[in-house]
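The next block holds one structure in the form of C-alpha cells; read it before the comments.
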Amino acid sequence: MRTHFWTSVFILAPVLVAMLVFATSIAHAQTEELLAEKVARLQTTAIRNKGIVDLESSTFDDVLAMPRNFSVVILFTAISSEFQCVPCKNFDPEYRLVASTWSKLSDKSRLFFGIIDFKKGQAIFQKFGMNSAPSVLYFSAGENQSDFDRYEFTRHGFKAEPFAAWLSAKSGVPLQVPRPFDFVAFASKLLSLLGMFIIGRFLYSQAGKILHSKHLWAAISLVRTRKQYNVVHSRHMWNQIRNPPYSMKGRDGSTGYIAAGFQNQFGLETQIIAVICRC
C-alpha cells in the first residue's frame, strides 16, 4: 500500500504543478489583457480631451485600481463659478497645457493626467481630506492610493514650467512646455503703441497752433491772475482782522517793511506783494 501511495504521488505531482503553472499563466494573461484594455481606454479618453481624463467619484477608484503599470497625476479643483476659486481658474489652463504637451510624446502611456472637480467628486475630496483647492497628487505606477506625492504651490507657483519640471523629476521623462504665442497680448500691445504714435503725431503736428493759441494763453493768464488775486485778497483780509502796524522800525532805527517769520505781516507788505503780482 505504501509503495502504491508514493508511486501515485510521483505520478500526480508533475501533473499538479503543470496545472498550477498553467492556471497562473492564464490568470497573468487575463490580468495583462485587462490592463492593456484599461490603458487603451484611458489613452482614447486622453486623446479625445487633449491629454485630460475627467474623473468623478464613480470612476476615480477604477483608474487607480491595482494592478497599474502607469502613473497618474490628478488635479483636485473647484472650477465652477459658484465656488469663486481664483487659484483654480489660474492653474487650470497651465495644467492643461502640460497635459497637452505630454500627450504629444511617443510613450505617453506611462503617465495620465486626471482632473476631478469638487462638484463631481465630493466623496473623493473627503476621502483624501481635501479642505482647499487646487491640489495636485501624483500616484506612481504600482503604488497604492495611500502612497502619493503632493505638488507644493507655495514653493513652485501656478505656472506650467515649474509644474512640468516637477513631473519630469517624478516620471524620469524630460518635458519641455512650448508656451503658445499669445496673440491677444500681442494685439493689445500693438494697438497701444499705434494709439500712442497717432496721438504723438497729432500733437506734434498741432504744436505750433497750440503754442500760438490765444485761447490757451488766455486760460493760463486767467488761472495766474486768479491765483494772484487769492494771494492779495487773503493778505488784505488778514490785515482787516489783525490790524497790524503799517511798518515798524528795527533796533538799528531803520524802517522794516517785511515782518519776520511766517505768522506776522505789516500793512505795507500787502501792497508790496500786490505790486509784485501785477508785474
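Before moving on, here are some points about what is shown:
- Computed from the Cβ-Cβ distance with R0 of 41 Å, the FRET efficiency linking residue 106 to residue 58 stands at 0.80.
- Dipole orientation for segment 100-157: of the candidates 130, 151, 114, 114 has the Cα lying most toward the positive pole (charges on Cβ; Lys, Arg +1; Asp, Glu -1).
- Applying 0.36 nm per residue to the separation of residue 123 and residue 86 and subtracting their alpha-carbon distance, the gain on full extension is 11.1 nm.
- Distant-in-sequence amide H partners of residue 68 (H built 1.01 Å from N, under 5 Å): 142
- Filter on 120/159; 89/159; 50/104 - keep pairs with C-alpha separation over 20 Å: 120/159
- Local net charge near residue 90, Cβ-Cβ under 13 Å (Lys/Arg +1, Asp/Glu -1): +1
- Listed values for segment 149-160 are Karplus-derived 3J(HN,Hα) couplings in whole Hz (6.51 cos²θ - 1.76 cosθ + 1.60, θ = phi - 60°), namely 10, 9, 7, 9, 5, 5, 9, 9, x, 10, 7, 6, and x replaces Gly and Pro.
- Per-peptide packing, taken as the mean over residues of other Cβ atoms within 10 Å, places 160-172, 187-199, 108-120, 36-48 in the sequence 108-120, 160-172, 36-48, 187-199 from highest down.
- Radius 13 Å from Cβ of residue 173, net charge of other residues (Lys, Arg +1; Asp, Glu -1): +3
Every number here is computed from the coordinates shown, using simple stated rules; none is lab data. Given the structure is predicted, the values throughout are model-derived calculations rather than measurements. So basically every Cβ, Gly included, is an ideal-geometry build from the backbone, and we count neighbours across all protein chains shown.
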